[in-house]
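In what follows, a single structure is set out as structure tokens and then discussed.
What follows draws every value from the coordinates through simple rules; no lab data is involved. None of the values given here were measured: they were computed from a predicted structure. Because the Cβ atoms are built from the backbone with ideal geometry, glycine has one as well, and the counts that use them run over all protein chains shown.
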Ligand code: DI6
Ligand code: FE
């Protein structure tokens, strides 16, 4: 007997299916012990509803999908960068603002001044915004400390968010993000310290599951990234790369070389970089919020990625500098509008492929044995998830089989068109 059976729902399973969505008009799903025990067409249910589960719930024809997965955020930080954006809209470049002490460095100053509790408290409203939009698993990077103490504090704040909210957090040490001002004259020593001291300290406290590096002309060279990624890999941590966002330094190929879970941004990735990702099975994580806010014009090589069969994830990149984007469905819409993803690619980008970008095999699809992380939406087809621009559509969230409070005005309003 299942714990709960849902009927009168449409399903988008995100499992392998000819329509790309795994869409099913009259679906049903049975949950047991926090996992999916049965999923399929209601007419194929193996018995009468009353005999199958202790609790029966009806979805009113709403769409059910896997809980959404935001595979790339910098959710924990101090201050904001609204002024930077003002300057950019007046024509100053990101690199220029960074060079003049704005950019990442101003966020670093604000972040260093806050305690773990204060960092968490400031991050919570942003996390709630993502959660209210259907996110059940969330990656959070450090990277605004640039000294060991603050980096550890950021990761501790991320852990604190996990205990404060109904969400799974995947913490990542963003080990190389920017060279802090006080280390400007000892670049090599800084990189060495990150590799030899920060990574062991993070492992010691079990504060992160992955290590990320920003491979870019305004950040770190491939050689410097390689040094830190080697240490990460040797320490048994997963690897991710901010790759080819503003120029092509071969970041995607570097990610593939280390068997990275994902190469992120990838606007300037070359055909050779795409081939390397394909061969390694590394996910390309698209971050359309940063592309939008930086007024970039170089789009990721979507056609090449598609042809090569590289799985594409979509994430918010929620950060104060380049992507103050706190809705994953809006990120999905932007990926379609700006990069030309199809509706099913966008859907997989925030479900199955996002799970893969985090190395998680137990979620991202509706299939027997998967975690019962589910969203019920006020729409009838998954193509609408990446169509609206900032319309709250999430009615109910279930995480590991348990319902999270409804956050849409009326729980009884039916999805009608
Ligand atoms: N790429 C980005 O878009 C963010 N970090 C990164 O490596 C920007 C971070 C910031 O400007 O605060
Ligand atoms: Fe980022």
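Residues that are over 30 Å from residue 223 (Cβ atoms), at least 1 per element: which helices (runs of 4 or more DSSP H) completely within the stretch 68-177 meet that?
By residue number, 82-89, 104-112, 116-132, 148-164.
Picking from 251, 289, which residue would you name as being crowded, with 24+ Cβ neighbours inside 10 Å and under 16 Å from the mean Cα position of the chain (by Cα)?
From the options 251, 289, the qualifying one is 289.
Which one of the conditions (1) buried (at least 23 other Cβ atoms within 10 Å of the Cβ); (2) within 30 Å of residue 132 (Cα to Cα) does residue 207 fail to meet, given that it meets all the rest?
(1)
Take residue 61 and tell me if it is farther than 25 Å from residue 287 by Cα, part of a loop (DSSP other than H, G, I, E, B) and in contact (Cβ under 8 Å) with a residue 60 or more places away in the chain.
Yes: the conditions hold for residue 61.
Tell me, which residue of the stretch 287-304 that is more than 12 Å from residue 340 (Cβ to Cβ) and touching a strand residue (DSSP E or B) at 6+ places or on another chain (Cβ under 9 Å) is nearest to ligand 1 (Cβ to nearest atom)?
Here the answer is 290.
Go through (1) touching a residue at least 24 places away in the same chain (Cβ under 8 Å); (2) under 19 Å from the mean Cα position of the chain (by Cα) for residue 301 and report which single condition fails.
(2)
I'd like to check something: does the stretch 328-338 contain any residue that is touching a residue at least 24 places away in the same chain (Cβ under 8 Å), within 20 Å of residue 241 (Cα to Cα), within 16 Å of ligand 1 (Cβ to nearest atom) and assigned to a loop (DSSP other than H, G, I, E, B)?
The answer is no; no qualifying residue exists.
Just wondering, is there one or more residues in the stretch 61-70 that are within 16 Å of ligand 1 (Cβ to nearest atom), touching a strand residue (DSSP E or B) at 6+ places or on another chain (Cβ under 6 Å) and closer than 29 Å to residue 290 by Cα? Lay out the reasoning, then the answer.
From the stretch 61-70, those within 16 Å of ligand 1 (Cβ to nearest atom) are 70; that's our starting set.
Pick out the ones that are also touching a strand residue (DSSP E or B) at 6+ places or on another chain (Cβ under 6 Å) and you get 70.
Of the ones still in play, those that are also closer than 29 Å to residue 290 by Cα are 70.
Yes; the residues of the stretch 61-70 include at least one that is within 16 Å of ligand 1 (Cβ to nearest atom), touching a strand residue (DSSP E or B) at 6+ places or on another chain (Cβ under 6 Å) and closer than 29 Å to residue 290 by Cα.
Okay, residues lined up against (1) touching a residue at least 40 places away in the same chain (Cβ under 8 Å); (2) within 16 Å of ligand 1 (Cβ to nearest atom); (3) within 13 Å of residue 258 (Cα to Cα); (4) assigned to a helix (DSSP H, G or I):
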{"site": "197", "(1), (2), (3), (4)": "yes, no, no, yes"}
{"site": "207", "(1), (2), (3), (4)": "yes, no, no, no"}
{"site": "214", "(1), (2), (3), (4)": "yes, yes, no, no"}
{"site": "218", "(1), (2), (3), (4)": "yes, yes, no, no"}
{"site": "245", "(1), (2), (3), (4)": "yes, yes, no, no"}
